[in-house]
Amino acid sequence: MPTTEIAIMPLKAGADIGDYESPAASVLNNTFDTLRAMDGMQQLNFGTQLEDPSKLQLMITWDSLKHHQDFMASEAYGPFMQRAGAIVDGEVSIVHADFKPEGALSKAFSAPVTEVATFYFHGEPPSDYVENVGKLDKTLQIVDGYLGYAIGITHETVEKEDVKGKAAVVTIGWQTKEAHMAFRETQAFKDNIHLLRSESKKVTMWHVQFMQSV
């Protein structure tokens, strides 16, 4: 089953990856060249967080978790990370998740703006959590600006302050960030947000205008 690597890279001050002539963009393109050459790498989406442009979000879909693990264990991985380090300032966060429904992730990433929300649980999410989030999709279908969702539970146990367990990563495509924020003010949001929050103890959320490296 395809697995998506979810990485957050804090960029060094002045690392302007949006300027294609900049040294930072050159470094990023070089790392993408390496990734595209790796066995099992299906799709690479990237973009900075609108709320904090110093954070680069990468969503890299692999044929399987093992394909990424094999890359990390290869001789190419050390030099790859060393090159990427030229534009990184701080610890890189990496987790993996298998997104559902099948094929929905590409739709969420191709939207003009993608909401990336992470819900942190003690232990694991309820067994019916993914199913319940699917119920929210039916409500969202009539919401202006909504373009689709995908959800994945992390393979890894993660920590967020005093919460330790699996996390749920929800990606939702929107026409605009404003469309999402307007929905948050509606009664439909208030009536259905429990499906997302469930028993989670911490939540993070931001928006990314994803691009695809081809």
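The values are calculated or read from the model by the stated rules, or taken from the named source; none is laboratory data. Every value quoted in this text rests on a predicted model; they were computed, and no experiment measured them. All Cβ positions, even for glycine, are placed from backbone atoms using ideal geometry, and neighbour counts span all protein chains on display.
What helices (runs of 4 or more DSSP H) completely inside segment 22-117 contain at least 3 residues that are in contact with a helix residue (DSSP H, G or I) (Cβ under 7 Å, 6 or more places away or on another chain)? Reasoning before the result, please.
Details: elements: 23-36, 65-72, 77-84, 104-109.
Per the criteria, 23-36, 77-84.
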Scanning segment 30-59 residue by residue, those touching a residue at least 24 places away in the same chain (Cβ under 8 Å), more than 21 Å from residue 205 (Cβ to Cβ) and of a type outside the set (Lys, Arg) turn out to be 30, 31, 32, 34, 35, 38, 39, 40, 41, 42, 43, 44
List the number of the failed condition for residue 174; all other conditions in (1) within 21 Å of residue 95 (Cβ to Cβ); (2) in contact with a strand residue (DSSP E or B) (Cβ under 6 Å, 6 or more places away or on another chain); (3) aromatic (Phe, Trp, Tyr) hold. (1)
Since residue 90 meets every condition but one in (1) in contact with a Pro (Cβ under 7 Å, 6 or more places away or on another chain); (2) under 27 Å from residue 159 (Cα atoms); (3) at pLDDT 95 or above, which condition does it not meet? (3)
With (1) surrounded by 14 or more Cβ atoms within 10 Å (Cβ to Cβ); (2) more than 19 Å from residue 170 (Cα to Cα); (3) out of contact with any Asp or Glu (no Cβ under 6 Å at 6 or more places or on another chain) as the list, and residue 79 as the residue in question, which single condition is left unmet? (1)
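So that you can scan it fast, the table gives a plain yes or no per residue for (1) touching a Leu at 6+ places or on another chain (Cβ under 9 Å); (2) surrounded by fewer than 17 Cβ atoms within 10 Å (Cβ to Cβ); (3) not charged (D, E, K, R):
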residue: 8; (1), (2), (3): yes, no, yes
residue: 15; (1), (2), (3): yes, no, yes
residue: 39; (1), (2), (3): no, yes, no
residue: 50; (1), (2), (3): no, yes, yes
residue: 64; (1), (2), (3): no, yes, yes
So how many residues does segment 128-147 have that are farther than 16 Å from residue 174 by Cβ and aromatic (Phe, Trp, Tyr)? 1
What about residue 68, is it surrounded by fewer than 19 Cβ atoms within 10 Å (Cβ to Cβ) and in contact (Cβ under 8 Å) with a residue 40 or more places away in the chain? no
